[in-house]
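Here is the structure we will look at.
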């Protein structure tokens, strides 16, 4: 399986939140047949949080060690750019060939890049963020985990 990790999922890992255990149990991210990707924008968001929240050396190091376990997507291709444009238009209810059911959604720009990357990689996006739900099955598979679910 191919997976893309969203920012909040990595935060759950770093915070030792029980949702990470559920994700690992259900999806087997560390299994040998799993290809796991982290978009560079996710690393950027996490490093920004590290600076803003004054993470110590150990927590920053843990982030870097975790990230090295997976493939960092540190490039943007023409295909990713086109996917970004389509996902953004779809989310705004303005993609003529694929109408949005319900009201338009203003996705964050980084979330658009994350979704576009997962879409082009044909990877399941693992997230605890409901903002990706409307994209599920339209552009990519979304594995949503409710961070408030204590199971």
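Could you list, in sequence order, the residues of the range 122-151 that are free of Cβ contacts under 8 Å to residues at least 24 places away in the same chain and either touching a strand residue (DSSP E or B) at 6+ places or on another chain (Cβ under 8 Å) or crowded, with 18+ Cβ neighbours inside 10 Å (or both)?
130, 133, 136, 141, 142, 144
In the list 41, 51, which residue meets the criterion of being buried (at least 19 other Cβ atoms within 10 Å of the Cβ) and more than 22 Å from residue 146 (Cα to Cα)?
Numbers: 51 fails: buried (at least 19 other Cβ atoms within 10 Å of the Cβ).
On inspection, the qualifying residue turns out to be 41.
Can you find a residue in the range 105-121 that is surrounded by 13 or more Cβ atoms within 10 Å (Cβ to Cβ) and over 28 Å from residue 24 (Cβ atoms)?
Step one: filter the range 105-121 for residues surrounded by 13 or more Cβ atoms within 10 Å (Cβ to Cβ), giving 105, 107, 110-121.
Remaining after also requiring over 28 Å from residue 24 (Cβ atoms): 105.
Looking through the range 105-121, at least one residue is surrounded by 13 or more Cβ atoms within 10 Å (Cβ to Cβ) and over 28 Å from residue 24 (Cβ atoms).
What pairs can you find where one residue is in the range 21-37 and touching a residue at least 40 places away in the same chain (Cβ under 8 Å), the other is assigned to a helix (DSSP H, G or I), and their Cβ atoms are less than 9 Å apart, with a gap of 6+ or different chains?
Note: pairs meeting the criteria are 23/9; 23/12; 23/13; 29/23; 35/121; 37/117; 37/118; 37/121.
Out of 131, 111, I need the residue that is within 19 Å of residue 36 (Cβ to Cβ) and part of a helix (DSSP H, G or I). Which one? Don't jump to the end; show me each part of the working.
Details: 131 fails: within 19 Å of residue 36 (Cβ to Cβ).
Answer to the selection: 111.
Which condition does residue 93 not pass, out of (1) over 21 Å from residue 13 (Cα atoms); (2) touching a helix residue (DSSP H, G or I) at 6+ places or on another chain (Cβ under 8 Å), if it passes all the others?
Looking at each condition in turn, residue 93 falls short on (2).
Output the residues belonging to the range 104-122 that are farther than 14 Å from residue 91 by Cβ and in contact with a helix residue (DSSP H, G or I) (Cβ under 8 Å, 6 or more places away or on another chain). If you could, list the steps in order and put the result at the bottom.
Taking the range 104-122 first, the residues farther than 14 Å from residue 91 by Cβ are 117-118, 120-122.
Selection gives 117, 120.
Every number in this text was worked out from the coordinates using simple rules, so none of it is lab data. What you see is a predicted model; the values in this text were computed from it and never measured. Using ideal geometry, Cβ is built from the backbone for each residue, glycine included, and neighbour counts are taken over all protein chains shown.
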